[in-house]
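The values are calculated or read from the model by the stated rules, or taken from the named source; none is laboratory data. Predicted model, so just to flag it, every value in this text is computed and none were measured. Positions of Cβ are backbone-derived with ideal geometry, glycine not excepted, and every protein chain shown enters the neighbour counts. Just the protein is used for accessible areas: all its heavy atoms, side chains included, with ligands, DNA and RNA removed. Shrake-Rupley method; radii C 1.70, N 1.55, O 1.52, S 1.80 Å.
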Amino acid sequence: MQHATAASVLGDFDDAGFDHFGIRSRFFKKDHKFFVETDGPDGKLATFEVKYTFGIDPLQQYLIEFPDGRIQALSIAWDSRPQDQGGQRWFHLYPNEEIKHDDVLHWTKLNQNWNFMCAECHSTGVQKNYDAATNAYHTTWAEISVGCEACHGKGSRHVGWAYSQRSWWPFGKDHDPRKGLAVFLNERDRVTWQPDPKTGNPQRSIAPATTRREVETCGLCHARRGQFSEDWIPGPPLSDTHVVSTLARGLYHADGQMLDEVYNYGSFKQSKMFAAGVTCSDCHEPHAAKLRAEGDGVCLQCHASDKYELASHAHHGDVTPKVTCASCHMPVSTYMVIDKRHDHSFRIPRPDLSVKLGTPNACNNCHADKSAQWAADAIERWHGPTRKGFQNYAEAFQASWTDRADAAALLAVVAASPTTPAIARASALSELHSRVSPTNIELARKGLADPDPMVRIGALDMLDGLPGNRTWPLVYPLLSDSSLGVRIRAVSVLAAVPTAIQPGSDRPAFERAAAEFIAAQHLNADRPEARSTLGNFYARRGLRADAENEYKAALRLSPQYAPAAINLADLYRQLGRDGDGDSVLRTAIASSPHDAGLHHALGLTLTRERRPDDALAEFRTATELEPDRSRYAYVYAVALHSAGRVDESMKVLKENLARHPDDRDTLLALVTFNREAGDIEAARQYAGQLSRIAPNDPDLTRLTDDLRTRLKQ
């Protein structure tokens, strides 16, 4: 980030124009300042001064400051690549979408806000200083761009140490072995990598530490994460001050490859490289921002060239341009239209998984005209039928995301494996949240004691929502965990336990963690997510007036934020104020008419208001907007059945079962409705399907036996 000057601005501001969905933006200069005329917060053309530049290569964005301290990133960016590479032009970051002024992605709205979205990583020593009372920012920084303290922490003690070394009087010197630095990023010191002569794979001369200081430090800006504390220091786990995204649906593919813009931390921590002890600066020179060697040389620092730099390994010896290590093991995805980034999970290409699960693979990235099966066959010819890979959890996450009956068993294997990367184990535990049973609860217990805070948080995710009398003995020790991230997740899990039944000796730890949780949400009071999260906490604590205030604050920040509207409507349900809930949901739908969750919630509210026809219309809309959401289809089918529209109900259930063959609610409804209609054989068949999903359910066994008996009569 830099001030906008003639030296820093790369874009064409010589009265250049750019058209996007009927909006013509104009870039020009006046009195040595830079301006853009474009659609403003009300959708009307207006002129704005560009105060700062953002980035250099391959693109540069421009920041505009508003009177309330908000700094917003313009969605029209400058392609700074050479002209022969397609650069030297203006382009829109959402080229195929019409982003209107009331969209959260519009450049003037929440999701393009520099103070929250960008500042921490692109400037040094940022203090956001958001004032919730005035909805204004007073953001400050120690250095406008990325400086030494961004990675090494506050430098005043180091400067003092350096001055002390100039003293001619020996006793005046500071002999601090850390030289006044917050942490030494010296994990590469005295480390060598020796190739194994049999495999060609390198081995680290010193076993790696559990917490890699350098990786956690780089992760501050190279992770998909959300900040909840401004007390970050280099070295400790990133989870101490940030919520790090797990391998969640929509962010990653099922096998852990990057899907959305997740940066490198989550990918690298899945890799065999990370497990072996490789750290960021083994490959990257951090101060020059360059690789330590050109091309494959960075890999051949450790991997034996006589093993890997052979045509027999890559099977692409006659290809021009040359196929590199990164081509196959670090496939590229493009973000922000032109920014190509390598996946840092360093995985073996698995087109066989593409055939089975639909995940991407490096082979078909190049051979786009061929099928995944063609690529899988080629790999088998070259390397044999057995696929060896370090990341072996694709099927478990795919099973979870598609609600397969075996999801819990597959996730349990991932969570229990000591050789599986910690981030994948944490993700598996989180995915088990809706599948907790007596057979897997021990996984959560072990996860709570894991040395990696991400795994402890994943175990807390798994336990969230269980009755307090079951979770308190397991969770309360983590109220005093060394990691702030673990403490605030633990207190949110225990929030529903009334103070009166909390063990007296545990209450001080609960209150301290609760205060930390509230402070974490207050830091992000400029975001509807944080206000809604705090509302949920207050609701679970029985503080309904406080919860209502937070939900309303979230909706003031973003009328389109559906979770706040749904939670507020549910709070009104508890208070017997369904009419108010109806109003809240309709207002939110006016802003977000295509949000299926809002229509579903309104349908539930209308059902309680005894307006079944109106409720059916909302349930139908929800299923049409999200046809793959099994819960919406199930509820719609039950509502149809209650309205006497039995044939339509059965049709919806059967279509839902075709999409979700292991959905228990759908199968049980088909059993019940067919039994009521007298079609005992159909009911028995659906019960048989249900039995295969839940073979040890005694109630289901009795139901199946009853159906068999009725068939014999």
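General observations
- Whether region 198-268 is rounded, prolate or oblate, judged on the alpha carbon gyration tensor where a/c under 1.5 counts as rounded: oblate
- Computed with the Debye formula from one identical point scatterer per Cα of region 204-317, without solvent, the log10 of I(q)/I(0) at q = 0.15, 0.16, 0.20, 0.23 Å⁻¹ comes to -0.81, -0.90, -1.21, -1.34.
- Near Arg527, no amide H atom lies under 5 Å from its own; only residues 5 or more places off or on other chains count, and H is placed 1.01 Å from N.
- Between Arg702 and Glu37, the modelled labels are 7.8 nm apart [label points 7 Å from Cα along Cα→Cβ].
- Using a probe of 1.4 angstrom and keeping all protein chains present, the accessible surface of region 640-697 works out to 52 square angstrom per residue.
- When the Cα atoms of region 635-713 are aligned to their principal axes, the ranges along those axes come out at 29, 27, 17 Å in descending order.
- P(r) tail fraction, region 492-599 - alpha-carbon pairs more than 19 Å apart, %: 46 percent
- Full-extension gain in nm, Asp306 to Ile518, via 0.36 nm per residue minus C-alpha separation: 70.6 nm
- With Cα atoms, 0 to 90° folded angle of helix 453-463 axis to the chain main axis: 10 degrees
- Residues of region 263-307: accessible area per residue with a 1.4 Å probe, Å²: 51 Å²
- Set the Cα radius of gyration of region 1-131 against 2.2 N^0.38 Å, with N its number of residues, and you get 1.01.
- The solvent-accessible area of Asp697, taken with every protein chain present and a 1.4 Å probe, is close to 60 Å².
- Between Thr587 and Lys356, the C-beta separation translates, for a Förster distance of 56 Å, into a calculated FRET efficiency of about 0.80.
- Residue-by-residue Karplus 3J(HN,Hα) for region 674-682, coefficients 6.51, -1.76, 1.60, Hz, glycine and proline x: 5, 5, 5, 7, x, 8, 5, 5, 5
- Couplings 3J(HN,Hα) of region 54-60, computed from phi: 9, x, 10, 9, x, 9, 10 Hz, in residue order, whole Hz [Karplus 6.51 cos²θ - 1.76 cosθ + 1.60, θ = phi - 60°; x for Gly and Pro].
- Acute angle (nearest 10 degrees) that the helix 562-574 long axis makes with the longest principal axis of the chain, alpha-carbon atoms: 40 degrees
- Sites His313 and Asp176 - FRET efficiency at Förster radius 30 Å, r taken between beta-carbons, to 0.05: 0.05
- Structure note, pairs Lys30/Lys128; Lys272/Lys446; Lys307/Lys370; Lys272/Lys356: Cα-Cα distances above 25 angstrom occur for Lys30/Lys128; Lys307/Lys370.
- Couplings 3J(HN,Hα) of region 618-628, computed from phi: 6, 4, 5, 4, 4, 5, 5, 6, 10, x, 8 Hz, in residue order, whole Hz [Karplus 6.51 cos²θ - 1.76 cosθ + 1.60, θ = phi - 60°; x for Gly and Pro].
- Against the chain, whose longest principal axis is taken from its Cα atoms, helix 698-712 shows a tilt of about 40°.
- Estimated distance in nm for a label pair at Arg24 and Arg645, the labels positioned 7 Å out from Cα along Cα-to-Cβ: 5.0 nm
- Using a cutoff of 8 angstrom between alpha carbon atoms and counting only pairs six or more residues apart, the relative contact order for the chain works out to 6 percent.
- Residues whose amide H falls under 5 Å from that of Val126, counting only those 5 or more places apart or on a different chain, are Ala142, with hydrogens built in the peptide plane.
- Amide H contacts under 5 Å for Leu247: Ser427, restricted to partners 5 or more places along the chain or on a different chain, H placed in the peptide plane at 1.01 Å from N.
- Our estimate of slack between Asn96 and Leu291, defined as 0.36 nm per intervening residue step minus the Cα-Cα distance, is 66.8 nm.
- Compactness ratio for region 314-364: Cα radius of gyration over 2.2 N^0.38 Å (N = residue count) comes to 1.24.
- Under the simplified labelling scheme, the Lys198-Ile233 pair shows an inter-label distance of 4.5 nm, with each label point 7 Å from Cα along Cα→Cβ.
- A compact globular protein would have a Cα radius of gyration near 2.2 N^0.38 Å; the ratio found for the chain is 1.07.
- Heavy-atom accessible surface of region 553-624, averaged per residue, reaches 45 Å², computed with a 1.4 Å probe.
- His287 contributes an accessible area of around 150 Å² to the protein surface, as traced by a 1.4 Å probe with all chains present.
- Within the accessible surface of the chain, defined with a 1.4 Å probe on protein heavy atoms only, the carbon and sulfur portion equals 52 percent.
- Interatomic Cα distance distribution for region 140-265, bins of 10 angstrom, percent: 11, 27, 30, 22, 8, 2, 0
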